[in-house]
Amino acid sequence: MGEVSQQSFKFSGKSLLASLVNMDLSSSSEKVIAEYIWIGGGTMDLRSKARTLSGPVSGPQKLPKWSFDGSSTGQATGEDSEVLLYPQAIFKDPFRRGNNILVMCDTYTPTGEPIPTNKRYNAVKIFNDPNVAAEEPWFGIEQEYTLLQKDIKWPVGWPAGVSPGPQGPYYCGIGADRVFGRDIVDAHYKACLYAGISICGINSEVAPSQWEFQVGPVVGISAADELWVARYILQRVAEIAGVIVSFDPAPIHEDWNGSGAHTNFSTNSMRNDGGYELIKKAIEKLGMRHNEHIAVYGEGNERRLTGRCETANFNTFLWGVGNRGASVRVGRDTEKAGKGYFEDRRPASNMDPYMVTSMIAETTILWKPF
Ligand code: ADP
Ligand code: MN
Ligand code: MN
Ligand code: MN
(Lines give C-alpha, C1' and ligand atoms only; values in the text may rest on other atoms or scores of the structure.)
(Ligands and ions follow the chains in the order given, each with its own letter.)
Protein backbone atom coordinates (compact mmCIF):
# COMPACT_ATOMS: atom_id res chain seq x y z
CA MET A 1 0.00 0.00 0.00
CA GLY A 2 1.19 3.46 0.72
CA GLU A 3 2.80 5.65 -1.80
CA VAL A 4 2.33 3.77 -5.03
CA SER A 5 -1.41 3.15 -4.73
CA GLN A 6 -2.03 6.63 -3.40
CA GLN A 7 -0.19 8.04 -6.41
CA SER A 8 -2.29 5.99 -8.79
CA PHE A 9 -5.47 7.01 -6.99
CA LYS A 10 -4.49 10.65 -7.25
CA PHE A 11 -3.82 10.16 -10.93
CA SER A 12 -7.06 8.36 -11.79
CA GLY A 13 -8.98 10.65 -9.42
CA LYS A 14 -7.68 13.72 -11.19
CA SER A 15 -8.42 12.43 -14.66
CA LEU A 16 -11.89 11.33 -13.58
CA LEU A 17 -12.51 14.79 -12.17
CA ALA A 18 -11.35 16.36 -15.43
CA SER A 19 -13.57 14.07 -17.49
CA LEU A 20 -16.59 14.91 -15.32
CA VAL A 21 -15.94 18.63 -15.60
CA ASN A 22 -15.62 18.31 -19.37
CA MET A 23 -18.66 16.03 -19.74
CA ASP A 24 -21.01 16.85 -22.61
CA LEU A 25 -24.32 17.23 -20.78
CA SER A 26 -26.37 17.37 -23.97
CA SER A 27 -25.64 13.70 -24.74
CA SER A 28 -27.86 12.54 -21.87
CA SER A 29 -29.98 15.53 -20.77
CA GLU A 30 -31.97 18.37 -22.25
CA LYS A 31 -31.06 20.49 -19.26
CA VAL A 32 -28.92 23.59 -19.61
CA ILE A 33 -26.80 25.37 -17.00
CA ALA A 34 -27.11 29.17 -17.03
CA GLU A 35 -24.44 31.14 -15.16
CA TYR A 36 -26.05 34.48 -14.15
CA ILE A 37 -23.44 37.26 -13.97
CA TRP A 38 -23.89 40.65 -12.32
CA ILE A 39 -21.88 43.59 -11.05
CA GLY A 40 -21.60 43.72 -7.25
CA GLY A 41 -21.20 46.65 -4.91
CA GLY A 42 -17.47 47.33 -5.37
CA THR A 43 -15.13 48.45 -8.17
CA MET A 44 -14.60 45.68 -10.73
CA ASP A 45 -16.75 43.44 -8.56
CA LEU A 46 -18.12 40.67 -10.78
CA ARG A 47 -20.29 37.98 -9.22
CA SER A 48 -22.08 34.94 -10.63
CA LYS A 49 -24.15 31.92 -9.72
CA ALA A 50 -25.67 29.09 -11.72
CA ARG A 51 -29.10 27.57 -12.16
CA THR A 52 -30.56 24.73 -14.20
CA LEU A 53 -32.93 25.46 -17.08
CA SER A 54 -35.24 22.83 -18.57
CA GLY A 55 -33.85 23.35 -22.07
CA PRO A 56 -31.96 25.59 -24.49
CA VAL A 57 -33.07 29.24 -24.74
CA SER A 58 -33.04 31.60 -27.71
CA GLY A 59 -32.71 34.98 -25.97
CA PRO A 60 -32.39 36.77 -22.62
CA GLN A 61 -36.08 37.71 -22.55
CA LYS A 62 -36.93 33.96 -22.42
CA LEU A 63 -34.95 33.49 -19.20
CA PRO A 64 -36.43 33.69 -15.71
CA LYS A 65 -35.61 36.63 -13.47
CA TRP A 66 -33.68 35.61 -10.38
CA SER A 67 -32.50 37.09 -7.09
CA PHE A 68 -29.53 37.13 -4.74
CA ASP A 69 -28.59 38.22 -1.24
CA GLY A 70 -27.59 41.85 -1.73
CA SER A 71 -26.40 42.14 1.87
CA SER A 72 -23.48 39.87 0.93
CA THR A 73 -22.38 42.05 -2.00
CA GLY A 74 -22.69 45.50 -0.42
CA GLN A 75 -25.87 46.18 -2.41
CA ALA A 76 -28.64 45.88 0.21
CA THR A 77 -29.23 45.73 3.95
CA GLY A 78 -29.73 42.54 5.97
CA GLU A 79 -33.38 43.37 6.73
CA ASP A 80 -34.25 44.01 3.08
CA SER A 81 -31.64 41.92 1.34
CA GLU A 82 -33.26 40.75 -1.87
CA VAL A 83 -31.92 42.13 -5.15
CA LEU A 84 -33.45 41.00 -8.45
CA LEU A 85 -31.47 39.92 -11.50
CA TYR A 86 -32.90 40.74 -14.93
CA PRO A 87 -31.25 38.75 -17.76
CA GLN A 88 -30.07 41.18 -20.47
CA ALA A 89 -27.63 39.38 -22.79
CA ILE A 90 -26.57 35.77 -23.31
CA PHE A 91 -23.32 34.21 -24.48
CA LYS A 92 -22.13 30.64 -25.00
CA ASP A 93 -20.35 29.33 -21.90
CA PRO A 94 -16.75 28.49 -22.90
CA PHE A 95 -16.17 26.65 -19.62
CA ARG A 96 -19.18 24.29 -19.59
CA ARG A 97 -19.72 24.37 -23.39
CA GLY A 98 -22.59 22.48 -25.01
CA ASN A 99 -25.85 24.42 -24.74
CA ASN A 100 -24.78 26.01 -21.46
CA ILE A 101 -24.76 29.79 -21.30
CA LEU A 102 -23.43 32.88 -19.56
CA VAL A 103 -26.11 35.47 -18.78
CA MET A 104 -25.25 39.13 -18.23
CA CYS A 105 -27.79 40.63 -15.83
CA ASP A 106 -28.54 43.97 -14.23
CA THR A 107 -29.93 44.60 -10.77
CA TYR A 108 -33.26 45.85 -9.35
CA THR A 109 -35.15 46.21 -6.08
CA PRO A 110 -38.09 43.86 -5.50
CA THR A 111 -40.41 46.64 -6.73
CA GLY A 112 -38.51 46.92 -10.01
CA GLU A 113 -36.41 50.05 -9.43
CA PRO A 114 -32.79 49.88 -10.65
CA ILE A 115 -30.44 49.83 -7.63
CA PRO A 116 -27.72 52.55 -7.44
CA THR A 117 -24.92 50.28 -8.75
CA ASN A 118 -27.01 49.44 -11.84
CA LYS A 119 -25.38 51.78 -14.37
CA ARG A 120 -26.75 49.81 -17.30
CA TYR A 121 -30.29 51.09 -16.78
CA ASN A 122 -29.47 54.72 -17.54
CA ALA A 123 -27.06 53.76 -20.33
CA VAL A 124 -29.86 51.88 -22.13
CA LYS A 125 -32.06 54.98 -21.90
CA ILE A 126 -29.38 57.03 -23.68
CA PHE A 127 -28.77 54.40 -26.35
CA ASN A 128 -32.53 54.06 -26.95
CA ASP A 129 -32.89 57.79 -27.61
CA PRO A 130 -33.94 57.99 -31.29
CA ASN A 131 -31.19 60.53 -32.06
CA VAL A 132 -28.53 58.25 -30.59
CA ALA A 133 -29.93 55.07 -32.16
CA ALA A 134 -30.04 56.74 -35.60
CA GLU A 135 -26.30 57.42 -35.33
CA GLU A 136 -25.45 53.73 -34.65
CA PRO A 137 -22.69 54.53 -32.15
CA TRP A 138 -19.76 52.11 -32.45
CA PHE A 139 -17.34 51.46 -29.61
CA GLY A 140 -14.00 49.68 -29.54
CA ILE A 141 -12.55 49.30 -26.07
CA GLU A 142 -8.91 48.44 -25.33
CA GLN A 143 -8.84 46.71 -21.98
CA GLU A 144 -5.43 46.71 -20.26
CA TYR A 145 -4.70 44.63 -17.15
CA THR A 146 -1.84 43.07 -15.21
CA LEU A 147 -1.43 39.45 -14.12
CA LEU A 148 -0.33 39.11 -10.48
CA GLN A 149 1.00 36.21 -8.43
CA LYS A 150 -1.76 35.10 -6.08
CA ASP A 151 0.10 35.15 -2.78
CA ILE A 152 2.35 38.19 -3.07
CA LYS A 153 0.20 40.35 -5.41
CA TRP A 154 3.27 41.09 -7.52
CA PRO A 155 3.39 40.71 -11.34
CA VAL A 156 3.74 37.17 -12.70
CA GLY A 157 7.34 36.43 -13.69
CA TRP A 158 8.81 39.20 -11.51
CA PRO A 159 10.99 37.97 -8.61
CA ALA A 160 9.35 39.01 -5.30
CA GLY A 161 9.85 42.73 -4.63
CA VAL A 162 12.16 43.13 -7.63
CA SER A 163 11.44 45.15 -10.77
CA PRO A 164 12.79 43.82 -14.07
CA GLY A 165 14.83 45.98 -16.46
CA PRO A 166 13.20 49.20 -17.69
CA GLN A 167 10.29 49.42 -20.14
CA GLY A 168 11.12 48.95 -23.79
CA PRO A 169 11.44 45.30 -24.84
CA TYR A 170 8.14 44.03 -23.42
CA TYR A 171 5.43 45.72 -25.56
CA CYS A 172 4.39 43.17 -28.21
CA GLY A 173 7.53 41.26 -27.22
CA ILE A 174 8.44 37.59 -27.38
CA GLY A 175 10.70 35.39 -25.30
CA ALA A 176 10.79 33.87 -21.81
CA ASP A 177 12.52 36.92 -20.30
CA ARG A 178 10.04 39.42 -21.80
CA VAL A 179 6.60 37.90 -21.80
CA PHE A 180 4.72 36.24 -18.94
CA GLY A 181 1.30 34.58 -18.99
CA ARG A 182 0.73 34.13 -22.72
CA ASP A 183 -1.20 30.87 -22.20
CA ILE A 184 -3.70 32.67 -20.00
CA VAL A 185 -4.08 35.45 -22.54
CA ASP A 186 -4.53 33.06 -25.45
CA ALA A 187 -6.99 30.87 -23.54
CA HIS A 188 -9.01 34.00 -22.78
CA TYR A 189 -8.86 35.14 -26.41
CA LYS A 190 -10.26 31.84 -27.73
CA ALA A 191 -12.80 31.54 -24.90
CA CYS A 192 -14.17 34.98 -25.82
CA LEU A 193 -14.44 34.06 -29.51
CA TYR A 194 -16.23 30.85 -28.51
CA ALA A 195 -18.63 32.83 -26.32
CA GLY A 196 -19.57 35.13 -29.20
CA ILE A 197 -17.77 38.25 -28.00
CA SER A 198 -16.37 40.60 -30.67
CA ILE A 199 -12.84 40.43 -29.30
CA CYS A 200 -10.69 41.83 -32.10
CA GLY A 201 -7.16 41.39 -30.78
CA ILE A 202 -4.66 41.02 -27.97
CA ASN A 203 -1.14 42.27 -27.30
CA SER A 204 1.41 42.26 -24.52
CA GLU A 205 1.87 45.72 -23.02
CA VAL A 206 4.65 48.08 -21.97
CA ALA A 207 5.19 46.51 -18.53
CA PRO A 208 6.00 42.78 -18.38
CA SER A 209 2.90 40.79 -17.32
CA GLN A 210 0.71 43.66 -18.49
CA TRP A 211 -1.60 42.77 -21.38
CA GLU A 212 -4.41 44.21 -23.47
CA PHE A 213 -7.40 42.83 -25.31
CA GLN A 214 -9.70 44.81 -27.57
CA VAL A 215 -13.46 44.42 -27.99
CA GLY A 216 -15.13 46.06 -30.93
CA PRO A 217 -16.38 47.75 -32.88
CA VAL A 218 -19.71 46.96 -31.24
CA VAL A 219 -22.93 49.02 -31.44
CA GLY A 220 -24.48 50.77 -28.43
CA ILE A 221 -25.15 49.00 -25.13
CA SER A 222 -23.73 45.70 -26.42
CA ALA A 223 -20.18 47.07 -26.28
CA ALA A 224 -20.36 47.39 -22.50
CA ASP A 225 -22.19 44.06 -22.08
CA GLU A 226 -19.48 42.33 -24.10
CA LEU A 227 -16.64 44.05 -22.26
CA TRP A 228 -18.05 43.02 -18.87
CA VAL A 229 -18.43 39.41 -19.99
CA ALA A 230 -14.92 39.42 -21.49
CA ARG A 231 -13.63 40.64 -18.11
CA TYR A 232 -15.61 37.88 -16.40
CA ILE A 233 -14.12 35.21 -18.67
CA LEU A 234 -10.62 36.60 -18.07
CA GLN A 235 -11.02 36.31 -14.32
CA ARG A 236 -12.37 32.76 -14.64
CA VAL A 237 -9.44 31.71 -16.85
CA ALA A 238 -6.96 33.29 -14.44
CA GLU A 239 -8.71 31.53 -11.54
CA ILE A 240 -7.99 28.18 -13.21
CA ALA A 241 -4.35 29.20 -13.68
CA GLY A 242 -4.06 30.34 -10.03
CA VAL A 243 -3.26 33.91 -11.04
CA ILE A 244 -4.93 37.22 -10.14
CA VAL A 245 -6.07 39.83 -12.66
CA SER A 246 -5.41 43.39 -11.54
CA PHE A 247 -7.49 46.12 -13.15
CA ASP A 248 -5.80 48.77 -11.01
CA PRO A 249 -4.94 51.81 -13.21
CA ALA A 250 -1.43 51.97 -11.69
CA PRO A 251 -0.74 48.50 -10.29
CA ILE A 252 3.01 48.93 -9.69
CA HIS A 253 4.27 52.50 -9.42
CA GLU A 254 4.42 55.61 -11.54
CA ASP A 255 7.57 54.77 -13.49
CA TRP A 256 5.71 51.95 -15.18
CA ASN A 257 2.93 52.56 -17.70
CA GLY A 258 -0.46 52.28 -15.98
CA SER A 259 -3.48 50.41 -17.32
CA GLY A 260 -6.20 52.13 -19.29
CA ALA A 261 -9.32 51.30 -21.21
CA HIS A 262 -8.98 53.52 -24.29
CA THR A 263 -12.44 53.94 -25.75
CA ASN A 264 -12.65 54.32 -29.52
CA PHE A 265 -15.83 55.86 -30.84
CA SER A 266 -17.64 56.75 -34.04
CA THR A 267 -21.11 57.61 -35.25
CA ASN A 268 -22.71 57.15 -38.67
CA SER A 269 -21.99 60.79 -39.48
CA MET A 270 -18.33 60.48 -38.44
CA ARG A 271 -17.86 57.37 -40.58
CA ASN A 272 -19.26 59.11 -43.67
CA ASP A 273 -17.82 61.84 -45.90
CA GLY A 274 -17.27 65.07 -44.00
CA GLY A 275 -17.04 63.07 -40.77
CA TYR A 276 -13.78 64.65 -39.63
CA GLU A 277 -15.56 67.98 -39.05
CA LEU A 278 -18.05 66.20 -36.77
CA ILE A 279 -15.22 64.39 -34.99
CA LYS A 280 -13.59 67.76 -34.21
CA LYS A 281 -16.92 69.13 -32.92
CA ALA A 282 -17.42 66.04 -30.73
CA ILE A 283 -13.91 66.39 -29.29
CA GLU A 284 -14.54 70.05 -28.54
CA LYS A 285 -17.65 69.06 -26.57
CA LEU A 286 -15.72 66.37 -24.70
CA GLY A 287 -13.18 69.03 -23.71
CA MET A 288 -15.94 71.30 -22.37
CA ARG A 289 -17.16 68.48 -20.11
CA HIS A 290 -13.71 67.14 -19.17
CA ASN A 291 -14.30 67.19 -15.41
CA GLU A 292 -17.68 65.42 -15.61
CA HIS A 293 -16.21 62.69 -17.79
CA ILE A 294 -13.06 62.21 -15.75
CA ALA A 295 -15.24 61.82 -12.63
CA VAL A 296 -16.68 58.55 -13.99
CA TYR A 297 -13.63 57.32 -15.91
CA GLY A 298 -12.37 55.03 -13.14
CA GLU A 299 -11.25 54.95 -9.53
CA GLY A 300 -7.64 55.97 -8.86
CA ASN A 301 -7.21 57.24 -12.43
CA GLU A 302 -5.24 60.27 -11.13
CA ARG A 303 -2.44 57.83 -10.24
CA ARG A 304 -2.28 56.86 -13.91
CA LEU A 305 -2.97 60.16 -15.73
CA THR A 306 0.27 61.82 -14.65
CA GLY A 307 1.09 63.44 -17.98
CA ARG A 308 3.92 60.91 -18.38
CA CYS A 309 3.95 57.32 -19.70
CA GLU A 310 1.76 58.01 -22.77
CA THR A 311 -0.95 59.94 -20.90
CA ALA A 312 -2.21 63.51 -20.63
CA ASN A 313 -2.47 65.00 -17.15
CA PHE A 314 -5.65 64.28 -15.19
CA ASN A 315 -6.50 68.00 -14.96
CA THR A 316 -5.98 68.98 -18.58
CA PHE A 317 -7.77 68.20 -21.80
CA LEU A 318 -5.59 67.92 -24.86
CA TRP A 319 -6.28 66.37 -28.24
CA GLY A 320 -4.11 65.66 -31.25
CA VAL A 321 -3.61 63.63 -34.38
CA GLY A 322 -1.36 60.66 -33.69
CA ASN A 323 -0.54 62.02 -30.21
CA ARG A 324 -0.33 59.34 -27.49
CA GLY A 325 0.27 62.00 -24.85
CA ALA A 326 -3.18 63.46 -25.55
CA SER A 327 -6.53 62.93 -23.78
CA VAL A 328 -8.14 62.24 -27.14
CA ARG A 329 -6.26 61.00 -30.18
CA VAL A 330 -7.35 61.00 -33.81
CA GLY A 331 -5.60 58.44 -36.01
CA ARG A 332 -3.63 59.51 -39.08
CA ASP A 333 -5.95 57.34 -41.21
CA THR A 334 -9.00 59.26 -40.04
CA GLU A 335 -7.36 62.63 -40.71
CA LYS A 336 -6.29 61.46 -44.17
CA ALA A 337 -9.66 59.95 -45.11
CA GLY A 338 -11.57 62.91 -43.64
CA LYS A 339 -13.77 60.43 -41.75
CA GLY A 340 -13.49 57.60 -39.25
CA TYR A 341 -13.28 57.54 -35.45
CA PHE A 342 -11.41 58.91 -32.46
CA GLU A 343 -9.90 57.45 -29.30
CA ASP A 344 -10.69 58.71 -25.80
CA ARG A 345 -7.51 57.71 -23.94
CA ARG A 346 -8.66 58.88 -20.51
CA PRO A 347 -10.75 55.95 -19.18
CA ALA A 348 -8.92 53.76 -16.66
CA SER A 349 -8.72 49.97 -16.81
CA ASN A 350 -11.26 49.65 -13.97
CA MET A 351 -13.90 51.97 -15.49
CA ASP A 352 -17.53 50.93 -15.88
CA PRO A 353 -18.15 50.76 -19.64
CA TYR A 354 -21.89 51.33 -19.12
CA MET A 355 -21.06 54.79 -17.77
CA VAL A 356 -18.20 55.61 -20.14
CA THR A 357 -19.87 54.60 -23.42
CA SER A 358 -23.23 56.18 -22.60
CA MET A 359 -21.62 59.41 -21.43
CA ILE A 360 -19.56 59.72 -24.63
CA ALA A 361 -22.76 59.19 -26.67
CA GLU A 362 -24.69 61.66 -24.53
CA THR A 363 -22.08 64.42 -24.72
CA THR A 364 -21.25 64.05 -28.41
CA ILE A 365 -24.71 63.30 -29.85
CA LEU A 366 -27.39 64.70 -27.51
CA TRP A 367 -25.70 67.65 -25.80
CA LYS A 368 -26.06 70.91 -27.76
CA PRO A 369 -23.83 73.62 -26.25
CA PHE A 370 -23.63 75.45 -29.60
P1 ADP B 1 -4.19 51.45 -30.47
O2 ADP B 1 -3.41 51.81 -31.68
O3 ADP B 1 -4.70 52.64 -29.74
O4 ADP B 1 -3.46 50.49 -29.56
P5 ADP B 1 -6.02 49.18 -30.98
O6 ADP B 1 -5.71 48.52 -32.27
O7 ADP B 1 -5.56 48.49 -29.74
O8 ADP B 1 -5.51 50.71 -31.03
O9 ADP B 1 -7.60 49.34 -30.80
C10 ADP B 1 -8.37 50.01 -31.74
C11 ADP B 1 -9.83 49.85 -31.36
O12 ADP B 1 -10.60 50.69 -32.20
C13 ADP B 1 -10.39 48.46 -31.52
O14 ADP B 1 -11.11 48.09 -30.36
C15 ADP B 1 -11.36 48.58 -32.71
O16 ADP B 1 -12.48 47.74 -32.56
C17 ADP B 1 -11.79 50.02 -32.57
N18 ADP B 1 -12.32 50.64 -33.81
C19 ADP B 1 -11.90 50.48 -35.08
N20 ADP B 1 -12.66 51.20 -35.93
C21 ADP B 1 -13.60 51.84 -35.18
C22 ADP B 1 -14.67 52.72 -35.46
N23 ADP B 1 -14.95 53.12 -36.72
N24 ADP B 1 -15.42 53.17 -34.43
C25 ADP B 1 -15.16 52.80 -33.18
N26 ADP B 1 -14.17 51.95 -32.85
C27 ADP B 1 -13.38 51.49 -33.82
MN1 MN C 1 -4.26 49.14 -28.16
MN1 MN D 1 -2.45 49.63 -24.88
MN1 MN E 1 -5.17 52.91 -27.67
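Roughly how compact is the stretch 246-370, stated as its Cα Rg over 2.2 N^0.38 Å to two decimals?
On the way: Rg = 14.1 Å, N = 125, 2.2 N^0.38 = 13.8 Å.
That works out to 1.03 for the stretch 246-370.
Can you find, among 331, 46, 369, the residue farthest towards the positive end of the dipole of the chain? Put +1 on the C-beta of Lys and Arg, -1 on that of Asp and Glu.
331
Pull out the extension gain between residue 239 and residue 324, defined as 0.36 nm times the separation in residues minus the alpha carbon to alpha carbon distance; nm, one decimal. It would help to have the intermediate numbers written out before the result.
Values: separation 85, 0.36 × 85 = 30.60 nm, distance 3.31 nm.
Extra length from residue 239 to residue 324 when fully extended: 27.3 nm.
Quick check for you: which residues of the stretch 18-51 have the amide N under 18 Å from the point 7 Å beyond the Cα of residue 71 toward its beta carbon?
41
Please sort 80-92, 310-322 by packing, taking for each peptide the average over its residues of neighbouring beta carbons within 10 angstrom, highest first.
Numbers: 80-92: 19.3, 310-322: 15.8.
Output ranking for 80-92, 310-322: 80-92, 310-322.
Give me the lysines in straight-line cross-link reach of residue 336: C-alpha distance below 23 Å, same-chain residues under 8 apart excluded.
Within reach: 280, 281, 285.
To the nearest 10 degrees, how steeply does helix 3-21 sit against the main Cα axis of the chain, on a 0 to 90 scale?
50
Taking all protein chains in place and a 1.4 Å probe, what share, in percent, of the accessible surface of the chain do carbon and sulfur account for?
52
Tell me the Kirkwood hydrodynamic radius of the stretch 35-185 in angstroms, computed as one over the mean inverse distance between distinct C-alpha pairs. Don't skip to the answer; put the middle values down first.
Working: mean 1/r = 0.0523 Å⁻¹.
Evaluated on the stretch 35-185, it is 19.1 Å.
Which residues does the label zone of residue 115 cover in the stretch 22-47, counting backbone N under 12 Å from a point 7 Å along Cα→Cβ?
Residues 38-42, 47 qualify, since their backbone N sits under 12 Å from the label point.
Give the lysines whose C-alpha is closer than 29 Å to that of residue 92, dropping any in the same chain fewer than 8 places away, or say none.
Cα-Cα hits under 29 Å: 14, 31, 49, 62, 65, 119, 125, 150, 190.
Could you point to the residue in 59, 74, 88 farthest towards the positive end of the stretch 33-98's charge dipole, with +1 and -1 charges on the Cβ of Lys/Arg and Asp/Glu respectively?
Selected residue: 59.
Based on the Kirkwood radius over alpha-carbon pairs, what value in µm²/s does the Stokes-Einstein equation return for the translational diffusion coefficient of the chain at 37 °C and 0.692 mPa s?
Details: Rh = 22.2 Å.
Diffusion coefficient, whole number: 148 µm²/s.
About its Cα centre, what dipole magnitude does the chain give when the only charges are +1 on Lys and Arg Cβ and -1 on Asp and Glu Cβ, stated in debye to the nearest 20?
On the way: 37 positive and 42 negative charges, 99 e Å.
Taking the Cα centre of the chain as origin, the dipole is about 480 debye.
The values are calculated or read from the model by the stated rules, or taken from the named source; none is laboratory data. Just so it is clear, the structure is predicted and the values come from calculations on it, not from any experiment. Glycine gets a Cβ as well: all are built from the backbone with ideal geometry, and neighbour counts include every protein chain shown. To get the accessible areas, we keep the full protein, side chains included, count just its heavy atoms, and leave off ligands, DNA and RNA. Shrake-Rupley method; radii C 1.70, N 1.55, O 1.52, S 1.80 Å.
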